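Here is the structure we will look at.
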Amino acid sequence: MRPAGRAETESLYFSYPHFDAPQDRASLPVSAPVAIVGAGPIGMTAALGLAREGIRSVVFDTKATFNDGSRAICIARQSFHILNQIGAIAPFMEKALGWTTGRSFYRGRQILEFHMPDSPAEKFRPMYNLQQQYIEQFLWQAVQNEPLIDLRWQSTITDVADVGNGVTLTVTDPSGSYPFTADWVLAADGARSPLRKIRGLRLKGENYEGRYVIADVQMPHDYPTIRRALFDPDCRRGGTILIHKQPENIWRIDYQLRDDEDETEALREETVRASVAAVLAEIGYDGPWDLEWWSVYSANTLALDDYRDGRIFFIGDSAHIVPIFGVRGLNNGLADAHNIAWKLGWVLRGDAPVTLLDSYSPERRGATLDVFANASKSARFMTPPTAGWQLMRDAALNLALDHPFAGQLANPRQMTPYTYADSPLVTNDEGSWSKTAPLPGAALPDAILETGHLSDHLGQGFTLLTFDPELAKSVGHLPIGTLTLPADSPAAQVLGATARSAFLIRPDSHIAARWSQATPSQIEAAFTKSIGGPRP
Amino acid sequence: MSAANIETVYEALALKLDTIPTKQHPLYLAKLALLLAHEIDDAPKVITQLNAAAQNLST
Ligand SMILES: Cc1cc2nc3c(=O)[nH]c(=O)nc-3n(C[C@H](O)[C@H](O)[C@H](O)COP(=O)(O)OP(=O)(O)OC[C@H]3O[C@@H](n4cnc5c(N)ncnc54)[C@H](O)[C@@H]3O)c2cc1C
């Protein structure tokens, strides 16, 4: 929502483009290997991931512009790696605000300062703040430069039917309806997913009743990019407030509504202005400010039982909805898109059996359940659901004023990438490893090499990372790249590797297998497993 | 802990509770529980005790 007198997408700092529907009907292709429903951040990321695999896709979106409002503003390190791999990172690096630190306050006094792990060994910071409309604009710019992607605006999918070896979508745009056939469909059509409804599928899970008003204001506020959480502040007794800095002097203020607060009343412009003014007074800001945009968001944990329905894969919010505290909604969806993109690429090119696709749902649903566990933890602290949780939360906060150990209970433990430990594609371990070494299924950690970072040196497909040139040569017959590093490189240290160790890295930079002493036949077996079975 | 010592603690806690408004008793006792747990530094032991304390509450 925006202040009276401003249109829905009339922002103080961002010009929403207007996109026409496709014009030249006669020459519009009516089939593609992959159709993507929804040009939100997740749909566009999937299209870019597929293009990187050489796969053509058509993306459909109902709207004539980007999503309205800043929405998901926190992008995690792992998502920056994804944006880097799909070739879209440059404008993000320029615009987004990196951060590592959070501060929590209880009744005006600081009870915790936390720092997310960071070092020069990391190419990217643990977290970046950027408004969602920039995220979408930057992805769209990359899509524009990609001949393999055809993005059709003002085009709504109104029906879906299975046909032989594909799916036929009914596309409705301002000039009428037409059928479009794809081998595979990605449903990136958001939290209210029409495709989910058409297929009769339902999100399941717990509903946390916490509701937050999220409001953006523009103001010249002099405070670094540090996440602030205010517990039980004077201006909102019993409630919780989150404050984030975004580019363009935009500040996000999220404040919790009490159970007895009426949502309609809370969303009235005057009420929002008064609530924001009280928060600004609380943090000692007395300068000018402009109200930009506001909305309401509630803390849910909901997911589909299976992210796949025949030839349709659900990615992003269509498959799962998570609370905002852990900043995982967008980040979790980007990982979905990245995961399905390489798998479809390998299958459609004929480089992997179709069974590879069976791993999408277990891997990504596993990640979502992990997100739920963490996010529910945060939600119970931010929005205690019962008297018991409320009392213990209050006790922890109160104790934290004098005892730092209790302040740690307020640490949101934000986003670490998920380890696909139980994945059917991942080979379980042999050999002995240090406790800090990344497990099979984990995202490959970054390290500094002689030139650039480890993450810069991975190839486009699978990579065998070794410290032994002979071993690298021995897998020349497999369609995998090799990266041989000196055994005393900092990468070896991060990975807990010795001269005979090897790692098989997937196209999405997760570790498919690791060996303290690898043999060529073990590597071949692990590679076969990680593409879902013997090559076609 | 000897009977005498536990009595000292028992009395000190009763006296302290009486200096705190009744409404604040749960908060105070919850804080105390966390502080003691931190001091004891043995989660399973604390869990055993918090279960033991829940016995016989219904009247
Ligand atoms: C008001 C609001 C506030 C939010 N605030 C936060 C926040 O503070 N923090 C956070 O982490 N997350 C927040 N989120 C969630 C975050 O925006 C989503 O996680 C993220 O946008 C997910 O991206 P997506 O691409 O899966 O879905 P979406 O961004 O929802 O994109 C779905 C797209 O599909 C299109 N579409 C739908 N149906 C059809 C159809 N039948 N045919 C064609 N196209 C269709 C839509 O037009 C839309 O563009 C918020 C969401 C909303 C709505």
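The values are calculated or read from the model by the stated rules, or taken from the named source; none is laboratory data. Please read all numbers here as calculations on a predicted model, not as lab measurements. Quick reminder, even Gly has a Cβ in these numbers, built from the backbone with ideal geometry, and neighbours come from all protein chains shown.
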Looking at A:T355, is it in a helix (DSSP H, G or I), more than 16 Å from the ligand (Cβ to nearest atom), among the hydroxyl-bearing types (S, T, Y) and surrounded by fewer than 19 Cβ atoms within 10 Å (Cβ to Cβ)? yes
Within region A:376-421, restricting to residues that are without any contact (Cβ under 8 Å) to a residue 24 or more places away in the chain and aromatic (F, W, Y), the one that is nearest to the other protein chains (Cβ to nearest Cβ) is A:F405
Scanning region A:78-91 for residues that are outside any loop (DSSP other than H, G, I, E, B) and within 15 Å of the ligand (Cβ to nearest atom), the one nearest to the other protein chains (Cβ to nearest Cβ) turns out to be A:Q78
For region A:117-124, state whether one or more residues are assigned by TED's automatic domain parsing to the domain that holds A:I315 and either more than 16 Å from the ligand (Cβ to nearest atom) or polar (S, T, N, Q) (or both). no
Task: Yes/no for A:A400 being outside the structural domain of A:L465 (by TED's automatic domain parsing) and touching a helix residue (DSSP H, G or I) at 6+ places or on another chain (Cβ under 6 Å) - done: yes
Per the list (1) over 21 Å from the mean Cα position of the chain (by Cα); (2) surrounded by fewer than 20 Cβ atoms within 10 Å (Cβ to Cβ); (3) within 13 Å of the ligand (Cβ to nearest atom), residue check on A:S155 breaks on (2)
Log entry, pairs with first residue in region A:306-319 being more than 22 Å from A:V163 (Cβ to Cβ) and within 12 Å of the ligand (Cβ to nearest atom), second being modelled with pLDDT under 95 and not in a helix (DSSP H, G or I), beta carbons closer than 6 Å, six or more apart or on different chains, reads A:D317/A:A191
(1) polar (S, T, N, Q); (2) free of Cβ contacts under 8 Å to residues at least 12 places away in the same chain; (3) at positive phi all hold for A:T271 apart from (3)
message: Quick check on A:S104: is it in contact with a helix residue (DSSP H, G or I) (Cβ under 6 Å, 6 or more places away or on another chain), polar (S, T, N, Q), away from chain B (no Cβ under 14 Å) and more than 16 Å from the ligand (Cβ to nearest atom)?
response: yes
ask   = Is region A:188-203 home to any residue that is in contact (Cβ under 8 Å) with a residue 40 or more places away in the chain, under 30 Å from A:W389 (Cα atoms), surrounded by fewer than 21 Cβ atoms within 10 Å (Cβ to Cβ) and out of contact with any helix residue (DSSP H, G or I) (no Cβ under 8 Å at 6 or more places or on another chain)?
value = no
| message | Tell me whether region A:104-113 contains one or more residues that are of a type in the set (D, E, K, R) and in the same structural domain as A:G49 (by TED's automatic domain parsing). | response | no
State whether the residues of region A:172-186 include one that is within 9 Å of the ligand (Cβ to nearest atom) and over 22 Å from A:R308 (Cβ atoms).
yes
Checked region A:320-352 for anything of a type in the set (G, A, S) and more than 9 Å from the ligand (Cβ to nearest atom); matches are A:A335, A:A341, A:G345, A:G350, A:A352
Subset of region A:107-120, residues over 22 Å from the mean Cα position of the chain (by Cα), assigned to a loop (DSSP other than H, G, I, E, B) and surrounded by 16 or more Cβ atoms within 10 Å (Cβ to Cβ), comes to none
The helices (runs of 4 or more DSSP H) lying entirely within chain B that contain at least 3 residues which are closer than 25 Å to A:A396 by Cβ and either within 14 Å of chain A (Cβ to nearest Cβ) or among the acidic types (D, E) (or both) are B:25-40, B:43-52
Counting only residues that are within 12 Å of A:R506 (Cβ to Cβ) and among the hydroxyl-bearing types (S, T, Y), region A:342-368 contains a total of 1
All conditions in (1) within 14 Å of chain B (Cβ to nearest Cβ); (2) within 15 Å of the ligand (Cβ to nearest atom) are true of A:I111 except (2)
Within region A:517-536, residues being over 20 Å from A:P507 (Cβ atoms) and at pLDDT 95 or above number 0
The condition of being among the charged types (D, E, K, R) and in contact with an Asp or Glu (Cβ under 8 Å, 6 or more places away or on another chain) holds, among A:R258, A:R199, A:R273, only for A:R199
(1) of a type in the set (S, T, N, Q); (2) surrounded by 21 or more Cβ atoms within 10 Å (Cβ to Cβ); (3) without any contact (Cβ under 8 Å) to a residue 60 or more places away in the chain all hold for A:N428 apart from (2)
* To do: Answer with yes or no whether A:T482 is polar (S, T, N, Q) and free of Cβ contacts under 8 Å to residues at least 40 places away in the same chain.
  => yes
If we keep only residues of region A:355-375 that are hydroxyl-bearing (S, T, Y) and out of contact with any Ser or Thr (no Cβ under 8 Å at 6 or more places or on another chain), then the residue nearest to the other protein chains (Cβ to nearest Cβ) is A:T368
